[in-house]
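Single-structure report; data block below.
The values are calculated or read from the model by the stated rules, or taken from the named source; none is laboratory data. The structure presented is a predicted model; accordingly, all values stated were derived computationally and were not measured. Glycine gets a Cβ as well: all are built from the backbone with ideal geometry, and neighbour counts include every protein chain shown. What goes into the accessible areas is simple: the full protein's heavy atoms, side chains included, and nothing from ligands, DNA or RNA. Shrake-Rupley method; radii C 1.70, N 1.55, O 1.52, S 1.80 Å.
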Amino acid sequence: MSFDLVVVGEGGGPDETNLSAYLFKPSAAPWEDGIIALEAGSGQGAVQKLLQRDPQLFNSPGQPPERTKPYSASEIYSLVRCFLITHAHLDHVNSLVISAGSLSGPRKRLFAAKQTLTDLESVFSDRLWPNLASWNDDDDDHKLLYTVLDMNDAYTTLISDVSVRGFPVSHGHNAAGNYDSAAFFIRYDPTGHEFLFFGDLEPDTLSLSPQTLTVWRAAAPKIPESLSTIFIECSWPSSRSDDTLYGHLKPEHLAHELEVLATEVMKVRHAAQVSSPSARPARKKQRMNNAVASPPSDVRGALEGVRVFVIHCKDTLDGAPDRPIQTLIIEQIKALVEAKGLGVEILAARQGMRIQI
Ligand SMILES: [Zn+2]
Ligand SMILES: [Zn+2]
């Protein structure tokens, strides 16, 4: 196992007590060695409630140092070394803003694409909220430190042993043009094991600027050996019409996106077969013909060994118990994916879950 991850929140609104937020660390290190906050919709308030329910949420028996005393929410956030944000929509940054003036511990970097940081600057403007972030390395310790994450680029170190590579993904468009969110490959450097986390995104099939295929192509060669866990949104149930998705996925689109990934995985496996020593004569022949044999169209079982955690389901808060919309969305995705036989495991991320990656 490479990472321990706690789901602080996984909803996509309107429930403000369960918004996108995840805390994680390398499995081999104690929480004290540094925590990465991935998205910051919910925060200390949610963690405080989760700790009341399960005081041992952040305690790892058998892992150094043995700690029996439960952490407090503010203690946990004092251990956060950096925030990693996919886009600046409020359901992903709410707690980052609200708690920015009361964070303790070492100075915290705020990693995101340039545009996302620019968007956050308009919040930390001394108008909407006090200016509690800066671009200056030498600035006060209490300020968040804006740090641009170049998209489509090499891996950037977040904390010791953990690095990230970001890709832009389309999250709808507005009067100013395309609105980008991000997908992150997060790697435990000592083993090269990764997980893939998507911020909000719309289907490539409906996007004016499709970008998700690039992410699937980067993921395909790693599946399932070094990449076997994916977090991706599915905000709406199947009944939602395509023209009211507002930059999000519904089960049909998520199933299709996973089929695109499965196709890319099969292409990679096919290419590896063609170039393996036993198949060399065939490869030579293909090169001479200046053509590569088309990969098998059957994608059944292509995603065997991969877990997909579904996140960002939009609640209805209509009084029905236990989030029936999330349950419905997961059932719909499972049925679609099983019909395609992709072999992928579909799981619901739930607030308060602890996930080993
Ligand atoms: Zn969102
Ligand atoms: Zn969003």
Assigned charges on the beta-carbon of Lys, Arg, Asp, Glu; the range 148-203 dipole about Cα centre (debye): 20 debye
Cβ-Cβ FRET estimate between ARG53 and GLN115, R0 fixed at 45 Å, reported to 0.05: 0.75
Rounded if a/c under 1.5, otherwise prolate or oblate - the chain, Cα gyration tensor axes: prolate
GNM top mover of GLY172, GLY12, GLY105 - the chain, alpha-carbon springs below 10 Å: GLY105
Rounded accessible area per residue of the range 36-96, 1.4 Å, Å²: 41 Å²
Solvent-accessible ranking of LYS114, LYS314, largest area first, probe 1.4 Å: LYS114, LYS314
Estimated dipole of the chain in Debye, rounded to 20 [Cβ of Lys and Arg +1, of Asp and Glu -1, Cα centre]: 1340 debye
Largest to smallest accessible area among ASP153, ASP137 [probe 1.4 Å]: ASP137, ASP153
Hits among aspartates and glutamates - C-alpha to C-alpha of LYS49 under 16 Å, sequence gap 8 or more where chains match: GLU10, ASP15, GLU16, GLU75
Under 21 Å from LYS143, Cα to Cα: lysines that are on another chain or at least 8 residues apart: LYS108, LYS114
The chain: most fluctuating residue of GLY11, GLY192, GLY177 per GNM, C-alpha cutoff 10 Å: GLY177
Carbon/sulfur fraction of accessible area - the chain, other protein chains in place, 1.4 Å, %: 52 percent
For the chain, calculated [θ]222 nm from helices alone, where every DSSP H run of n ≥ 4 adds -39500 (n - 2.57): -8000 deg cm²/dmol
Alpha carbon centroid spacing (whole Å) that separates the range 142-220 from the range 1-54: 19 Å
Vicinal HN-Hα couplings computed from phi for the range 32-46 (Karplus, 6.51 cos²θ - 1.76 cosθ + 1.60; Hz; Gly/Pro x): 4, 6, x, 10, 9, 9, 9, 6, 8, x, 8, x, 4, x, 5
Solvent-accessible area of LYS250 with every protein chain in place, 1.4 Å probe, in Å² to the nearest 10: 20 Å²
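Could you work out how much longer the chain between SER297 and LEU208 gets when fully extended? Use 0.36 nm per residue separation minus the Cα distance between them, nm to one decimal.
The SER297-LEU208 span can extend by a further 29.4 nm.
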Reachable lysines, given that their alpha-carbon falls under 27 Å from the alpha-carbon of LYS267 and they are not under 8 places away in the same chain: LYS222, LYS250, LYS284, LYS285, LYS334, LYS340
With all protein chains modelled, accessible area of LYS69 [1.4 Å, Å²]: 130 Å²
Gain upon complete extension [SER125, ARG67; 0.36 nm per residue less C-alpha separation]: 16.8 nm
